[in-house]
Amino acid sequence: ILDALHFGNDQEATLVVLDLDYFKQVNDVHGHLAGDQALKDVANVLRSVTREEDVLARWGGEEFMALLPRVPEQDIYAAADKLRAAIGDHTFRLEGAAVHLTASAGATPIRAGASIRALIAAADDALYQAKRQGRNQTVIGRPRLDQVAITGSHDLGAVRRVVEQAAKGARLTPEQTLD
């Protein structure tokens, strides 16, 4: 689905990655069957707060991804945080026990021309920042460098300087710049 997307310069959309906090504990305490049921229940909760045009998918493990078309950049935080909060506000029932789950969320605006890989990396970077900052929160990220135009000499040193300068302007960490 993501590979087939073609957004024009005038279209606004958001990519959100959500990861359930401390989900291993659910499997450890209640068992893997209950954990599987919890993932289905989380999907239903997320579906209940998304629009028909939104695309929601399990991204892997206990991660979910949402593509939210027509979300202006100034509304990204509210849209992504609505998904995160829906999980935290819901009481899940596992083996008859009430269980409280939370999620961390990372979101990024979808930019026309940016690769899907760059967009997923930006949302994932923001997600891990939310985890590092204490979990159960939403962080907005920006796409890493996707393409850099080099004119003139094809000298490797010149290419490095252009990339480093662009990365500095984008306020990327050294690890992101290397990537």
Residue that is modelled with the lowest pLDDT [pool: residues in segment 66-80 that are open to solvent by 40 Å² or more (accessible area, probe 1.4 Å), part of a helix (DSSP H, G or I) and not aromatic (Phe, Trp, Tyr)]
Glu73
Over segment 11-65, the set of residues among the polar types (S, T, N, Q) and part of a strand (DSSP E or B) is Thr14
Sort out which residues of segment 81-114 are in a helix (DSSP H, G or I) and open to solvent by 10 Å² or more (accessible area, probe 1.4 Å), and write them in order of number.
Asp81, Lys82, Arg84, Ala85, Ala86, Gly88, Asp89
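The values are calculated or read from the model by the stated rules, or taken from the named source; none is laboratory data. Note that the structure is a prediction, hence the values are computed from the model and not measured. Heads up: the accessible areas ignore ligands, DNA and RNA and are worked out on the full protein's heavy atoms, side chains in. Shrake-Rupley method; radii C 1.70, N 1.55, O 1.52, S 1.80 Å.
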